[in-house]
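Accompanying notes for the structure given below.
Please treat every number below as a calculation from the coordinates, not as lab data. Computed from a predicted structure; not experimentally measured. Every residue, glycine among them, receives a Cβ derived from its backbone with ideal geometry; neighbour counts consider all protein chains shown.
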Amino acid sequence: MTQHPVIFAHRGASGTHPENTMAAFEAAAKLGAGGIELDVQVTKDGEIVIIHDETVNRTTNGQGFIQRMTYKEVAGLDAGSWFDTTFAGEKVPTLDEFFTWASGNELQINIELKTNKVPYHGIEQKVLELIEDYRMRGRVIISSFNLDSVRRVIELDPYIAVAGLVWRIPREAVMNAKKLGLTALHTQVSFALSEYGKAAVNSGILLRLYTINEKREWMRVKESGMPIEAIITDFPERFL
Ligand code: G3P
Ligand code: CA
């Protein structure tokens, strides 16, 4: 049975596991999440790695900007101990490794291009190529806060599912989403409950809500009657 709303594990099951690691992704699948949200950045030598920040400082035992590190340097880091020592030895996964694992399940995959601070020239093309290599296009939604990245993905592949992460001005978000023909907006509760949320839905744009961690937040939206396609949460177990 298709889940509705689809429960996306934000950075994997990141409330209970180190974010954006295979441990967090595997836990999400085991819990029965319908999808996984993850963030990508690019190393100096062009490897697409799954990590939220532009630096490895917060979520590994290393220091430095990913764009200035080789993949070998990133791969040598411990991405689990900062969260809990029981996760010592977890690595920063590559998108390639993630897709190899995801080939064995049917989860939806939301890839967020983290190009809002570092532009990562060519990341859109690289991600699309990997999606093609692993035949994932029907399962993937690409999103970004960076409107240029969103535009570039559409230019390269007009048929892939692309979602906008609501830009600073809600009215512009709806306008841009309509203009670009986006399938969805990934947004917060306040947007969903506003006139802009309504305008988006009336234009056939799906809403996925982030980051909903408390049931009462979700109940507010549910009671409003606003149709919601998905919940993106650090704690999928609370909504399943
Ligand atoms: O994709 C929704 C959400 O992940 C965007 O914010 O900072 O958690 O990547 P952030
Ligand atoms: Ca994200």
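Amide H contacts under 5 Å for residue 209: 187, 230, 231, 232, restricted to partners 5 or more places along the chain or on a different chain, H placed in the peptide plane at 1.01 Å from N.
Taking loop as defined by DSSP and a crowding limit of 11 other beta carbons within 10 Å, which GluC sites (Glu not before Pro) in segment 42-115 fit? Those that pass, being in a loop and sparsely packed, are 106. Which of the residue pairs 114/178; 30/178; 44/178; 126/198 have a Cα-Cα distance greater than 28 Å in the structure shown? Check vs 28 Å cut-off fails for 30/178; 44/178; 126/198. Using the Cβ of residue 146 as centre and a radius below 11 Å, the other residues enclosed give a net charge of +1, where K and R count +1 and D and E count -1.
In the chain, which longest range has no trypsin sites (Lys or Arg not before Pro) that are both DSSP loop (not H, G, I, E or B) and surrounded by at most 10 other Cβ atoms within 10 Å? Walk me through the intermediate numbers first.
Working: sites that count: 58, 135, 168.
Here the longest run is 59-134.
For segment 6-238, what is the charge dipole size about the Cα centre, in debye to the nearest 20, if Lys and Arg each add +1 at the Cβ and Asp and Glu each add -1 at the Cβ?
Working: 26 positive and 31 negative charges, 153 e Å.
Rounded to the nearest 20 debye, it is 740 debye.
Working note: Karplus 6.51/-1.76/1.60 with θ = phi - 60° gives segment 192-198 the couplings 4, 8, 9, 4, 6, x, 4 Hz, where Gly and Pro are set to x. Comparing mean-square fluctuations of 156, 130, 38 from a GNM of the chain with C-alpha springs under 10 Å, the top value falls on 156.
Can you show me the helix-derived [θ] at 222 nm for the chain, built from DSSP H runs with n ≥ 4 at -39,500 (n - 2.57) apiece and divided by the number of residues, rounded to the nearest 500. All intermediate terms of the calculation are to be shown ahead of the outcome.
Working: 9 runs with 77 residues, N = 240.
Theoretical 222 nm ellipticity from helices: -9000 deg cm²/dmol.
Using the alpha-carbon centroid of each, what span in Å lies between segment 1-71 and segment 123-200? When both Cα centres are located, 19 Å separates them.
For segment 165-222, count all C-alpha to C-alpha pairs, find those more than 18 Å apart, and express that count as a whole percent of the total.
Values: 431 of 1653 pairs.
Value for segment 165-222 (Cα pairs over 18 Å): 26 percent.
Our coupling estimate for segment 199-204, obtained by passing each phi through the Karplus curve with A = 6.51, B = -1.76, C = 1.60 and θ = phi - 60°, is 4, 5, 4, 5, 8, x Hz, Gly and Pro reported as x. Run the numbers on the chain and let me know its relative contact order in percent, using alpha-carbon pairs under 8 Å that are six or more apart. RCO, the chain: 20 percent.
Put simply, the C-alpha atoms of the chain give a gyration tensor, and the ellipsoid matching it has half-axes of 28, 21, 16 Å, longest first.
Shape class for segment 100-171, computed from the alpha carbon gyration tensor (a ≥ b ≥ c): prolate, with a/c not under 1.5 and a/b above b/c.
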